[in-house]
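Below you'll find the structure, written out as structure tokens, and then a few comments.
The values are calculated or read from the model by the stated rules, or taken from the named source; none is laboratory data. Quantities reported herein were computed from a predicted structural model and do not represent experimental measurements. Please note: Cβ atoms are built from the backbone with ideal geometry, for glycine as well, and neighbour counts cover all protein chains shown.
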Amino acid sequence: MSFRVLIVDDSPVMRTFIRRIIVPSGMEGAEFLEASDGAEALDLLRAQWVDVVLTDINMPSMDGEELLRRLEADAVLKTVPVVVVSTDGTASRIRQMLSLGARGYVKKPFLPETLREELERVLGGAYAG
Amino acid sequence: MPDNEWNEMLAAATGEVLETMFFTDLCGPAPAGASPVEPRVAARLCFEGTPSGALTLSVSEQAVRALAANFLGSEENDPLPATQLGGVVCELANMICGSLLSQVKTEEHFKFAARLIGNGDESKPRTGAVRNSSTLAACRLCRREKTHAGRGCHSNGSCRSSMPASPARLSAPTPRTGMPRPTAAPDRRTGKSWSLRPAYHRCLGSQRKTHSSTGSRPAL
């Protein structure tokens, strides 16, 4: 089953890394959109549907925290599951992002399988594997 | 927290990042006074919180290409643009720093900002530098235990910290073929292997720490 992933990260090499590990890890149906910050991500989300958002926290212009707040404030976009992918693994940060509506949190560095498992968990029945 | 604890944490963080995301292994500490061979790609990541400070990472271009090939899934000999090489070093510094600070017990959130700083001249040991051709990376941490007004770096990217700590670790990147390999081994296709040997020295250069060259794993 195909699904669409929006990768939000200001690092192009990190976006490339995430893209290249998702498909070989068994999720062949993935289509990818990319944004370099929260503002760009919001524009994309308002223009087209995505099944899951993978977002960094520290980004210029609009960070991941503000992106989550904006999504939660939007009746339609709040239904899009968001997984935070960040180097910040402090417990307080994880709690904060989950309280803001993130469905999952993957701390960098991570194994490809970890991200795949988190995606499968968040996508649930939408992804048949 | 004493410097040796920071060193151990930095070593653990560096090893975790290299092994998990760059499919590269650790081999042992650098010889005293060693710095990465030129040309180099260097990045400084300033972090703000408690503590605040900066982490500087300087990697030889040869090693960056090997790391980038592993990270991006490209062939090692592919001509990657300089922006991608710089991006890889920034991301590596970002993850090492994030992994390091995740071990700090604090309820405070950290802010990060990474930037390229040219060829890493600022990472050169201030005195008595001995070039060693096998040294491929150097990592350096400056920190302040207390939060002060302002950031961990000056606007020109130089370190604002007055309480330096020396990081430490040794690593050996693994060339890749196709999908990432989680364990270190020489590339059977090219027969090449790499040894990253970060040099550890104090931020302000007044005192340099040295480590024995025996690591938990041999250099490849």
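Residues in region B:38-72 that are surrounded by fewer than 18 Cβ atoms within 10 Å (Cβ to Cβ) and among the small types (Gly, Ala, Ser): there are none. Remark: pairs (first residue in region B:108-124, of a type in the set (Gly, Ala, Ser); second residue in a helix (DSSP H, G or I) and at pLDDT 70 or above; Cβ separation under 6 Å; 6+ apart in sequence or on different chains) = B:Ala114/B:Cys90; B:Ala114/B:Ala93; B:Ala114/B:Asn94.
Restricting region A:85-103 to residues that are away from every other protein chain (no Cβ under 12 Å) and out of contact with any Leu (no Cβ under 8 Å at 6 or more places or on another chain), the residue that is surrounded by the fewest Cβ atoms within 10 Å (Cβ to Cβ) is A:Ser99.
If I ask for residues that are part of a helix (DSSP H, G or I), within 11 Å of chain A (Cβ to nearest Cβ) and either in contact with a Lys or Arg (Cβ under 8 Å, 6 or more places away or on another chain) or of a type in the set (D, E, K, R) (or both), which ones from region B:61-75 would you list? Within region B:61-75, B:Asn70, B:Leu72 qualify. Those strands (runs of 3 or more DSSP E) of region A:1-80 in which at least 2 residues are in contact (Cβ under 8 Å) with a residue 40 or more places away in the chain, considering only elements entirely within it, cover A:3-8, A:52-55.
Would you check which residues across region B:76-89 are closer than 13 Å to B:Val17 by Cβ and more than 7 Å from chain A (Cβ to nearest Cβ) and list them? It would help to see each step written out before you state the result.
Of the residues in region B:76-89, the ones closer than 13 Å to B:Val17 by Cβ are B:88-89.
Listed by number, the list holds a single entry, B:Val89.
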